[in-house]
Amino acid sequence: MIRAEFTKFRSVRGWVLGLATAVALFVGMGWLTAAGSFTSCDDQACPSPPVGPEGQAVEDHFGFAHRTLTGDGSLTARVRDFSGIITYPPPNHDEIVDGLVPWAKAGLIVKSDINPGSPYAAIMLTADHGVRFQHNYVHDAAGPVDARWLRISRSGADVTAYASADGRNWTTVGTMSGWSGPVRIGFAIASPPDITAKGNPMGGSIVQARFTQASAVFDQITSTAGGAWRYDEVGADGLRTDWEKLHRAPGMTTGSDTLTLTGSGDIAPATDMRVAPYLAGALPALLAILVVAVLFITSEFRRGLIRTTLLASPHRARMLAAKAAVIGGVTFAAALIAVVVARPLVSHVFRANGNFAAPTGLLTDLRLSLGTAALLAATAVCAYALGALLRRGLLAIVLAVALTVVPYLLATASVLPVAAGEWLLRLTPAAGFAVQQAFPAYEQVFHPYTPADGYFPLAPAAGLAVTCLWAAGLLTLATVRLNRADI
Amino acid sequence: MDATIDITGLRKSYGPTAALREMTFTVRPGQVTGFVGPNGAGKSTTMRILLGLDHPDGGTALIGGRRYRDLTKPLEAVGALLDGTALQPSRSGRNHLLWLAQSQGLPASRVDELLDEVGLAGVARRRAGGYSLGMRQRLGVAAALLGDPPVLILDEPFNGLDPAGFVWMRDLLRTRAREGRAVLISSHLMGELQDLAGHVIVVDRGRVVADAPTRAMRERYGSLESAYLELTR
Ligand SMILES: Nc1ncnc2c1ncn2[C@@H]1O[C@H](COP(=O)(O)OP(=O)(O)O)[C@@H](O)[C@H]1O
Ligand SMILES: [Mg+2]
């Protein structure tokens, strides 16, 4: 029966062309998006953000006081003072205030070298999130909330971090393995920008980032590594704010038994990356797919051909399911072809224009590609089921667009308030677009993770499941109606 | 398979319209059975119920003792032509038959055999939207014959045929009946059936008003035409 329905599909030239149009739109829109994006840096190649040991684009900018540790050893210290400034925060944006942003951090770190993006493990006191053990940019584990004493120690291949409230009773917070050779051990200070998202009267939100700076005074220092503390601003871009020029420069000062570090930046995964550009064509392609999927069934009702179909396959539920399998299958195949063509082409154009395409990793790439194909297939089945339910082509197409394309656009094009947009992306068949989220929303980085930035309220699999549920629900309704109907 | 059609006490209303009231008759193999009556008498409705397309309000419609929807490869048991114009215009006639054949697990060679048989081999790869009414009717007949079924059910098969088509259709139906198949054809024109049907069932307003061999009807009323006019007054 599936074979017969496939023959039906391929023998109508309009439908095959419709699907080919979807492929062309997918590739074409991706190409246009990439061709229209330029990044230029004063006639030279733009610096790309560093890539961390686990393949992600990362932010690695912090004040670092370090010694070299050749074998085993440890460093213990207390964070005596932790303070900072935030420049021109809301509501009036008219003064520089004392304070720390929630993820400002000061603590102890073991890092393989001073190059941005190199492996590290750190135990840090944060302004609002207690003590954290973080390593290799993407991993973050919570430690005690009230501890001020920190210790990091290396033993063979392992670096282990501890925290304590009193310097006597220590808790192990985390361990990172795989270390070899000499490492840098020392103090780190980082203070990410103060970010606020405020509602845009035109819908969506406006994101602002303001310079901040943090200072920490460490005392009770015990270090097995000898020598002087050397200071480096890791990942420095050479630019200085007025605050740094006129009031307080980043750097290190050492007292008789204290060490003070002042600095800005963050040691974290990069978060300003968007949806992979080669997937930008999915939406226009979906429009063409919806039309084909609806017509695949409504044309049978319009022509009376549905009777011939039911004479050949009197089991109506099975007939509807076979057609659903065919429209889902051909859409999946076409979408996969589109992705396979678009990915290298669009990525090449995007890079050639000086843009940085953040690496996603093989598994994520596979999920983005297969997920997008599955999303388009499931959405096609939704549209087809609507067609079977309503039997009227135009009505079903309009409704299919209203259920899938419109919610996605409203949520991602900064038209609706963010929360409303997120509900649309939880409840409507557009939830499946979650498969296109290229990067996780990291808790340890404060960022307005909105749909407009490519962050979806549901996990990829959950989002796709919502779309599939819609498809199954609509198909069930269509089956119930067809089973009862006189044809 | 037993090629007998049994319609028993069939009732069907569409909203306020009572299309069938107690429709009962039997169609036996080996002859053409004419199913005649004025427009709106319930012929098409009876056939749609028989073919599992419409749900009856009461009664049964069985083919060889089974409901249509319980047949496993229905096109090998029953060949039906309801509306020859029901085609996807951009699909070729050959592809139309091909998907039907595939749905029953029949080989593609069977499609080409039938295209030859109904005289559409020359236009088989053209879009069906360009076919004349007669060509569509031939394609519909080809679809009905695809599974070589022992039962044929045709609703107004002479519609849109030219005189040559009439002759062709008569020969075809007569041959199939002589082979021992059951052939049920509806019509509201008696003249067409005069020499073709061995048996006629006359219906009016959803009921059978006469059910007799053609010869008996002719003997009693003179001609089928006058029998019809008398019975459906
Ligand atoms: N799908 C339908 N909806 C409403 N009324 C119908 C439908 N099909 C048939 N009817 C009505 O049922 C009656 C019998 O119609 P039909 O079986 O088509 O007659 P025939 O084929 O003998 O001309 C007519 O009054 C017709 O209007
Ligand atoms: Mg009729």
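Sorting B:R178, A:R132, A:R426 from the fewest to the most surrounding beta carbons within 10 angstrom yields B:R178, A:R426, A:R132.
For chain A, the mean residue ellipticity at 222 nm estimated from helices alone is -13000 deg cm²/dmol, where every DSSP H run of n ≥ 4 contributes -39500 (n - 2.57) and the total is divided by all residues, rounded to the nearest 500.
Of all aspartates and glutamates in the structure, the ones whose alpha carbon falls short of 13 Å from that of B:K12, not counting any fewer than 8 places away in one chain, are A:D486, B:E22, B:D54, B:D57. Summing Lys and Arg as +1 and Asp and Glu as -1 over all other residues whose Cβ lies under 12 Å from the Cβ of B:A177 gives a net charge of +4. Using a/c under 1.5 as the rounded threshold, could you call the stretch A:49-117 rounded, prolate or oblate? The axes a ≥ b ≥ c are square roots of the C-alpha gyration tensor eigenvalues, and prolate needs a/b larger than b/c, oblate otherwise. Because a/c hits 1.5 or more and a/b fails to exceed b/c, the stretch A:49-117 counts as oblate. Here's the picture: charge each Lys and Arg Cβ at +1 and each Asp and Glu Cβ at -1 in the stretch B:5-232, and of B:T17, B:L97, B:Y228 the one pushed furthest to the positive end of that dipole is B:L97. Its relative contact order, with pairs defined as Cα atoms under 8 Å and 6+ residues apart, puts the stretch A:328-487 at 26 percent.
Residue ranges A:247-258, B:91-102, A:319-330, B:16-27 sort as B:91-102, A:319-330, B:16-27, A:247-258 when ordered by packing (mean number of other C-beta atoms within 10 Å per residue, highest first).
If you wrap a convex hull around the Cα atoms of the stretch A:223-346, how much volume per residue is inside, in Å³? Spell out each step's value before the answer.
Values: hull volume 32.9 nm³, N = 124.
Roughly 266 Å³ of hull volume per residue.
A simple charge model with +1 on the Cβ of Lys and Arg, -1 on the Cβ of Asp and Glu and nothing else charged puts the dipole of the stretch B:5-232 at about 420 debye relative to its Cα centre. For the protein assembly as shown, the dipole from Cβ point charges (+1 on Lys and Arg, -1 on Asp and Glu) about the Cα centre works out to 3000 debye, to the nearest 20.
Ranking A:A452, A:T224, A:P407 by how far each Cα lies toward the positive end of the dipole of the protein assembly as shown (charges on Cβ) leaves A:P407 at the top.
For peptide A:294-306, how many partner chain Cβ atoms fall within 10 Å of a residue's Cβ, on average?
2
For A:K245, a cut-off of 27 angstrom between C-alpha atoms picks up these lysines, skipping any fewer than 8 places away in its own chain: A:K105. Take each peptide in B:220-227, A:460-467, B:149-156, A:102-109, count the other Cβ atoms within 10 Å of every residue, and average; sorted highest first, the result is A:102-109, B:149-156, A:460-467, B:220-227.
Extents of the stretch A:1-104, largest first, come to 77, 50, 38 Å (Cα atoms, principal axes, whole angstrom). For helix A:13-35, report the angle its Cα long axis makes with the longest principal axis of the Cα atoms of chain A; keep it between 0 and 90° and round to the nearest 10°. The answer is roughly 20 degrees. Between A:R484 and A:D94, the contour length at 0.36 nm per residue exceeds the alpha carbon distance by 133.4 nm. Residue exposure proxy: B:Y228, B:Y68, A:Y278, ordered by other Cβ atoms within 10 angstrom of their Cβ from fewest to most, comes out as B:Y68, B:Y228, A:Y278. By other beta-carbon atoms within 10 Å, ranking A:D81, A:D113 with the fewest at the front produces A:D81, A:D113. Dipole magnitude for the stretch A:134-189: about 200 debye, using +1 per Lys or Arg Cβ and -1 per Asp or Glu Cβ, origin at the Cα centre. Annotation: lysines with alpha-carbon distance below 25 angstrom to A:K323 (same-chain offsets under eight excluded): A:K8, B:K73.
Each Lys or Arg adds one and each Asp or Glu subtracts one; over the other residues with Cβ under 10 Å from the Cβ of B:G40, this totals +1.
Counting Lys +1, Arg +1, Asp -1, Glu -1, what net charge surrounds A:T260 among other residues with beta carbon under 14 Å of its beta carbon?
0
Report D for the protein assembly as shown in µm² per second (integer): Stokes-Einstein, Kirkwood Rh on Cα pairs, 4 °C, 1.567 mPa s. Diffusion coefficient, whole number: 41 µm²/s. Averaged over the residues of peptide B:66-72, the number of Cβ atoms from other protein chains lying within 10 Å of each residue's Cβ is 2.
Among DSSP bridges having both ends in the stretch B:5-232, what percentage is antiparallel? Round to the nearest 5.
55 percent
Taken residue by residue and averaged, Cβ atoms of other chains lying within 10 Å of the Cβ of A:308-319 number 6. With kT/(6 pi eta Rh) evaluated at 25 °C and eta = 0.890 mPa s, and Rh the Kirkwood radius from Cα pairs, chain B diffuses with a coefficient of 136 µm²/s according to Stokes-Einstein.
We did not get these values from a lab; they are worked out from the coordinates using the rules stated. Note that the structure is predicted; figures quoted are calculated from it, not measured. Reconstructed Cβ throughout: ideal geometry from the backbone, glycine too, with neighbour counts over all protein chains shown.
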